[in-house]
Amino acid sequence: MVPRVGVVELRRIAVDWSSRGGPVAEPPERVEWPVANVASTVSRAVVEFDTPRLPTRVVLYRYSRVGGSGVPDESAGTEVRCGAAPGVACWREGDGREPARVVVPFHAEAGSYWVVHAAWPVLGGHVGQDVEVVSASWAVRVVRGS
């Protein structure tokens with residue numbers, strides 16, 4: 001699954017699909033940031049997943065700068081959990097038929113380095129079995145242009 005902002009694919013930097021027998025990967029020591037150029041006339045960015053299944057949890061981390069290795073300066077960032085309905089910071093959208101989306105309105109104070117963390121529940125096949133979660137995090141640098 002590769003989410004996009006416009007035509008730019010976000011880069012996966014962490015994943016935990018172990019509950020489904022899939023991969024597990026921690027964030028790398030060096031982060032490469034794909035760049036999504038968004039016109040200054042656009043009021044919001046839309047992160048589109050290539051699945052119609054809406055994540056139950058999305059956390060958006062925004063940073064104003066990164067270090068020489070591309071790792072974000074956590075002291076210069078913000079973190080917000082995206083809601084299930086339109087709001088100020090960000091929200092999740094999806095109807096189960098089209099790709100699930102996260103909508104992020106632009107704010108002057110927001111950092112341009114974004115990490116999008118999304119999680120989906122995985123229901124077990126047996127009554128009373130715990131709900132497992134699969135998750136991943138992706139990075140993108142959003143640049144506002146003319």
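Observations on the model:
- Residue, farthest from ARG65 (Cα to Cα), within region 10-23, restricted to residues that are in a strand (DSSP E or B) and open to solvent by less than 90 Å² (accessible area, probe 1.4 Å): ASP16
- GLU93 being surrounded by 12 or more Cβ atoms within 10 Å (Cβ to Cβ) and among the charged types (D, E, K, R): yes
- Residue among PRO55, PRO86 that is surrounded by 14 or more Cβ atoms within 10 Å (Cβ to Cβ) and not aliphatic (A, V, I, L, M): PRO55
- Selection from region 80-96 of residues that are among the β-branched types (Val, Ile, Thr) and not in a strand (DSSP E or B): VAL88
- Lone qualifier among SER69, SER75 - being more than 11 Å from the chain's Cα centre (by Cα), outside any loop (DSSP other than H, G, I, E, B) and surrounded by fewer than 16 Cβ atoms within 10 Å (Cβ to Cβ): SER75
- Residues located in region 26-54, provided they are part of a strand (DSSP E or B) and over 16 Å from the mean Cα position of the chain (by Cα): ASN37, VAL38, ALA39
- Within the span defined as region 97-114, one or more residues are in contact (Cβ under 8 Å) with a residue 40 or more places away in the chain, part of a loop (DSSP other than H, G, I, E, B) and polar (S, T, N, Q).
- When GLU32, GLU48 are screened for being open to solvent by 30 Å² or more (accessible area, probe 1.4 Å) and touching a Gly at 6+ places or on another chain (Cβ under 7 Å), only GLU32 passes.
- Residue check for VAL80: over 17 Å from VAL143 (Cα atoms), surrounded by 13 or more Cβ atoms within 10 Å (Cβ to Cβ) and among the β-branched types (Val, Ile, Thr): yes
The values are calculated or read from the model by the stated rules, or taken from the named source; none is laboratory data. Please read all numbers here as calculations on a predicted model, not as lab measurements. All Cβ positions, glycine included, derive from the backbone under ideal geometry; neighbour counts span all protein chains shown. When the accessible area is computed, the model is the full protein with side chains, heavy atoms only, and any ligands, DNA or RNA have been set aside. Shrake-Rupley method; radii C 1.70, N 1.55, O 1.52, S 1.80 Å.
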